[in-house]
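Q: Below you'll find the structure I mean.
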Amino acid sequence: MARVAREMVEKAGVNVDQLVELLVNNAAAELTTFYYYTILRVNLIGLEGEGIKEIAETARIEDRNHFEALVPRIYELGGKLPENMKDFHDCSACPPAKLPTDPKNITAMLQVLVEAERCAVRGYSHICNLTAGKDHRTYDLALAILNEEVEHESWFSEFLGEGPSGHFMRRGETSPFVGKFMR
Amino acid sequence: MRSQSTGETVQGCRLPREARVDRMTETAETAHPWPARLPTITRQRLRKYNGRDGTPVYVALNGIVYDVTDSFLWPKGRHYAEHEAGADLTRAMDQAPHGDDVLKRFPIVGTLGDD
């Protein structure tokens, strides 16, 4: 634990235990999403499925990166991951992104994907609101993750025909925002 | 884009004024279509439905009591490290990163009454 780092956050008026719990819940959401997206991605078959396989895979890897980036901050603030992985799954901040009943229904697949991203956008927006101006390191991390989750949501939303995302999918390496926390 | 209902120039996606829920005037009767007769659940009674020891998980919002027992996001009556079930969350909704619509898909079990 980074004792003084935690003290500074407490002095700024943040309930650190509550913040740590939120970070653990969101880390659980990231790792479970990585797992469920693996199942979704392998089921994106046929001509329609192939079209979104790339963005599903990018989102999957980046969500795993989010988990990796969150873990050190949890421990810096004096928290820890649950010892039991089933408990970790069940404390996820977002519902499981389960395979739709008809995996060949690409629209249904996209709905699952976009709702998972929307839950993440809400979660990290909330953490940013809690930590802005108070816990600079967690804010920086949550903001970086939020940037990527917003892009994930916009990709899937665009494929659903809800409107243009305004940008293209990734050119180059994954996690352009979160990458700096993983070096 | 010009709104057909108000004539105002609007940008992006915006609902006509009559379609937007005015939270200041929203009441238990206008917020959500519900059966004519629902039990009144007092705040004191609501506190018992906190998800602990197997009790159902109820929350109140804008005078309506919802059963969120089946929600993944209310495990054992706790939501997102900050909220406990068995309570009126109307004020807390102002700070929430989501709107009232997240509760619309859950069963309504009563209206909130004073103790």
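Q: Inside segment A:10-30, can you point out the residues that are away from every other protein chain (no Cβ under 13 Å) and crowded, with 22+ Cβ neighbours inside 10 Å?
A: If the condition is that a residue be away from every other protein chain (no Cβ under 13 Å) and crowded, with 22+ Cβ neighbours inside 10 Å, then A:GLU30 is the only one that fits.
Q: Which of (1) among the charged types (D, E, K, R); (2) modelled with pLDDT of 90 or more; (3) under 16 Å from the mean Cα position of the chain (by Cα) does B:ASP100 not meet, given it meets every other one?
A: Here B:ASP100 meets the rest and fails (2).
Q: Do the conditions hold for A:VAL4, that is, is it assigned to a helix (DSSP H, G or I) and either surrounded by 14 or more Cβ atoms within 10 Å (Cβ to Cβ) or over 15 Å from the mean Cα position of the chain (by Cα) (or both)?
A: Numbers: assigned to a helix (DSSP H, G or I): yes; either surrounded by 14 or more Cβ atoms within 10 Å (Cβ to Cβ) or over 15 Å from the mean Cα position of the chain (by Cα) (or both): yes.
Here the answer is yes, as A:VAL4 does meet what is asked.
Q: Looking at segment A:141-161 only, could you name the residues that are over 17 Å from A:ARG64 (Cα atoms) and in contact (Cβ under 8 Å) with a residue 12 or more places away in the chain?
A: Matches in segment A:141-161: A:SER154, A:TRP155, A:PHE156, A:SER157, A:PHE159, A:LEU160.
Q: Moving to a separate point now. Check segment B:50-64 and report whether any residue there is more than 14 Å from chain A (Cβ to nearest Cβ), surrounded by fewer than 14 Cβ atoms within 10 Å (Cβ to Cβ) and at pLDDT 90 or above.
A: yes
Q: May I pose another question? If a residue has to be within 14 Å of chain B (Cβ to nearest Cβ) and small (Gly, Ala, Ser) to count, how many in segment A:104-145 make the cut?
A: Of the residues in segment A:104-145, 6 are within 14 Å of chain B (Cβ to nearest Cβ) and small (Gly, Ala, Ser).
Q: For segment A:68-159, which helices (runs of 4 or more DSSP H) that fit wholly inside it have 2 or more residues that are surrounded by 22 or more Cβ atoms within 10 Å (Cβ to Cβ), of a type in the set (Gly, Ala, Ser) and out of contact with any Gly (no Cβ under 7 Å at 6 or more places or on another chain)?
A: Output list reads A:106-131.
Q: Just for segment A:89-103: of the residues that are more than 19 Å from B:HIS79 (Cβ to Cβ) and free of Cβ contacts under 8 Å to residues at least 60 places away in the same chain, which one is farthest from the other protein chains (Cβ to nearest Cβ)?
A: A:ASP102
The values are calculated or read from the model by the stated rules, or taken from the named source; none is laboratory data. All figures in this text were calculated on a predicted structure; none of them were measured in a lab. All Cβ positions, glycine included, derive from the backbone under ideal geometry; neighbour counts span all protein chains shown.
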